[in-house]
Amino acid sequence: MLQRIVLSLLVALLYCQGVLKAQNNEAFENAIYFFKEEDFQEAVYFFLKLNESDPSNFNVNYFIGHSYLNIPGDEYKALPYLQKAIEGINMKYKKNDINERQAPPHALYYLAYTYKLTNQIDSARSYYLKFLNLPNVGKKYNLSFIEKELKACEQAKYIVDKPIIMNRTILPALINNPSPNNNALVSENENVIVFMTHLKFYQAIFMSVKVNNEWSDPENISPQIGSDGDCKPVFLNSAGNYLLLSRKISKSNYDIYESSLTDHVWSKMAPLNDNINTRNAESHASMTKDGSLLYFVSDRSGTFGQKDIWVSKRNADNNWGRPVNAGSKINTSENEETPFITGDGKVLFFASEGHMNMGGFDIFYSKQNSDNNWEPPVNIGYPINTTGNDLFYFPIANGTIAYMSQVLPNSFGKEDIFKIENTSLKYELHRYTGRSDNEMIHFDIIDMNTNDTIMFRYDKIFQNITPVKVPSHIKIQIKQ
């Protein structure tokens with residue numbers, strides 16, 4: 001009798017183990033499917049289910065960490081899982097093998113990358129070096145990419161040590177919600193905003209206007225434009241009545257479309273001509289204030305690297321002409337993205353993975369000199385730029401005011417829209433354009449005995465005093 005009971009229990013246990021294994025196998029297959037489809041939100045859901053039943057599976061921990069790194073606003077969540085994953089590195093790792101419990105060698109790289117994203121630069125550098133020191137790593141991986149990351153770590157430390165002067169204000173909860181909100185485009189008078197919000201099943205384009213200095217309830221204009229979630233707003237003109245959009249045609253092909261506002265209704269979007277749209281990826285476009293030049297991004301033949309910034313001039317027949325590359329001063333062997341030109345056409349803001357970079361994409365600006373050539377781009381600085389991907393700095397007027405989406409501690413959700421007032425940039429640009437009288441106070445100090453005069457200038461913006469004219473026998477020493 002006892003033998004039958006024990007045997008029945010054993011059979012039941014084996015059955016339960018078989019059911020659990022089958023469920024885990026199904027969950028793993030689902031997770032890998034969504035991971036390959038780049039639906040990382042769904043992938044991490046299934047990987048976390050697996051982690052609940054088997055927290056010591058290093059491979060599952062690796063996939064959780066890798067998935068979180070691809071979910072905007074959740075990147076920091078990758079850290080504990082990747083820390084666990086590197087405890088079980090397998091140099092003979094079997095990719096997509098359901099029985100593989102060890103983590104791949106590049107888990108070290110992703111851990112280093114996560115440390116960099118969370119501004120733990122010294123730890124990032126340490127783990128990049130550990131990855132480089134793995135046996136035979138050079139035979140399996142492109143180490144030039146790791147060397148680039150190490151260089152970015154050094155540059156990040158330098159840039160972070162010299163923060164810019166700026167003020168950043170989060171837009172109200174009426175505009176920002178718990179979902180990611182980005183691609184903010186604002187009219188020159190700052191009374192119209194168009195932006196994108198990630199809803200549950202698609203990306204929606206919203207518009208809001210200011211009434212009595214308060215934003216109105218945002219209106220979903222996706223149906224008017226004709227977007228079913230496959231479009232992103234990329235440019236709004238100064239009047240707030242003309243949009244450019246980037247539309248996903250296929251996995252690797254994007255085209256630029258336009259839409260106009262007439263009688264409070266947006267027109268169905270229409271594609272730009274074949275000089276702009278190709279079988280390649282045209283992922284972003286913007287115009288000068290007068291509408292004569294189009295700055296856009298493409299990976300077509302003729303790039304210096306991957307995606308480059310191109311320029312097209314509007315013809316007499318109102319069509320866009322054959323574009324030219326913006327040149328090697330702007331474009332690098334890496335990706336360039338999200339170009340915006342200021343109202344006067346003299347300053348170009350864009351994102352780049354190259355130049356003097358902190359890691360990922362950084363925002364840069366370049367000024368056009370008197371010969372109409374672009375000067376070497378300047379990193380806009382920390383904390384606008386971070387060690388993550390920083391894109392889509394939409395300038396108002398000369399760019400000292402801009403709108404940008406970021407993930408910060410005071411965010412309403414994962415990614416929110418902020419207004420940036422860049423005082424450092426205002427000073428930098430005014431060095432070339434001259435300061436207005438209402439920003440400066442000039443005063444003299446006169447020695448009544450000798451009549452010697454020292455001329456000073458007081459800067460209202462920076463609240464500092466600069467000697468302008470000093471007699472040769474007088475020494476001025478300014479102590480900070």
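The values are calculated or read from the model by the stated rules, or taken from the named source; none is laboratory data. Everything numeric in this text was worked out from a predicted model, so none of it was measured. Here the Cβ is made from the backbone with ideal geometry for all residues, glycine too, and neighbour counts use every protein chain on show.
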**Complete:** If we keep only residues of segment 76-91 that are assigned to a helix (DSSP H, G or I) and out of contact with any Phe, Trp or Tyr (no Cβ under 6 Å at 6 or more places or on another chain), then the residue surrounded by the most Cβ atoms within 10 Å (Cβ to Cβ) is 81
**Prompt:** Is there a residue being among the hydrophobic types (A, V, I, L, M, F, W, C) and surrounded by 20 or more Cβ atoms within 10 Å (Cβ to Cβ) anywhere in segment 92-105?
**Reply:** yes
**Asked** Tally time: how many residues in segment 56-75 are farther than 29 Å from residue 409 by Cβ and either surrounded by fewer than 16 Cβ atoms within 10 Å (Cβ to Cβ) or not hydrophobic (A, V, I, L, M, F, W, C) (or both)?
**Response** 3
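Here is a yes/no grid of residues against (1) of a type in the set (Gly, Ala, Ser); (2) without any contact (Cβ under 8 Å) to a residue 24 or more places away in the chain; (3) farther than 16 Å from residue 104 by Cα; (4) out of contact with any strand residue (DSSP E or B) (no Cβ under 6 Å at 6 or more places or on another chain):
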| residue | (1), (2), (3), (4) |
| --- | --- |
| 132 | no, yes, no, yes |
| 138 | yes, yes, no, yes |
| 142 | no, yes, no, yes |
| 151 | no, yes, yes, yes |
| 158 | no, yes, yes, yes |
| 165 | no, no, yes, yes |
| 168 | no, no, yes, no |
| 171 | no, no, yes, no |
| 174 | no, no, yes, no |
**Message:** Quick test of your reading of the structure: residue 139 fulfils all but one of (1) touching a helix residue (DSSP H, G or I) at 6+ places or on another chain (Cβ under 6 Å); (2) surrounded by fewer than 19 Cβ atoms within 10 Å (Cβ to Cβ); (3) of a type outside the set (Asp, Glu); (4) more than 22 Å from residue 52 (Cβ to Cβ). Name the failing condition by number.
**Reply:** (1)
**Prompt:** Do any residues in segment 325-341 that are closer than 19 Å to residue 234 by Cβ and assigned by TED's automatic domain parsing to the domain that holds residue 302 have Cβ atoms under 6 Å from those of residues that are assigned to a loop (DSSP other than H, G, I, E, B) and of a type outside the set (Lys, Arg), where the two are at least six apart or on different chains, and which pairs are they?
**Reply:** 331/304; 335/306; 335/353; 337/391; 338/391; 338/392; 341/288
**Request:** Pull up segment 373-385, narrow it to residues that are polar (S, T, N, Q) and in contact with a strand residue (DSSP E or B) (Cβ under 8 Å, 6 or more places away or on another chain), then point me to the one that is farthest from residue 68 (Cα to Cα).
**Result:** 379
**Prompt:** Does segment 361-380 contain any residue that is without any contact (Cβ under 8 Å) to a residue 40 or more places away in the chain and either in the same structural domain as residue 111 (by TED's automatic domain parsing) or among the small types (Gly, Ala, Ser) (or both)?
**Reply:** yes
**Request:** For residues that are within 26 Å of residue 193 (Cα to Cα), out of contact with any Phe, Trp or Tyr (no Cβ under 8 Å at 6 or more places or on another chain) and surrounded by fewer than 19 Cβ atoms within 10 Å (Cβ to Cβ), tally how many sit in segment 353-397.
**Result:** 2
**Hey, residue 61 outside the structural domain of residue 251 (by TED's automatic domain parsing) and at pLDDT 90 or above or not** = yes
**Prompt:** Taking the condition buried (at least 20 other Cβ atoms within 10 Å of the Cβ) and in contact (Cβ under 8 Å) with a residue 40 or more places away in the chain, does residue 234 pass?
**Reply:** yes
**Complete:** Restricted to segment 335-352 and to residues being modelled with pLDDT of 95 or more and among the acidic types (Asp, Glu), the residue surrounded by the most Cβ atoms within 10 Å (Cβ to Cβ) is 336
**Prompt:** Does segment 20-27 contain any residue that is in the same structural domain as residue 114 (by TED's automatic domain parsing), of a type in the set (D, E, K, R) and at pLDDT 90 or above?
**Reply:** no
**Request:** Could you run through segment 158-174 and say how many residues are loosely packed, with under 14 Cβ neighbours inside 10 Å and part of a helix (DSSP H, G or I)?
**Result:** 1
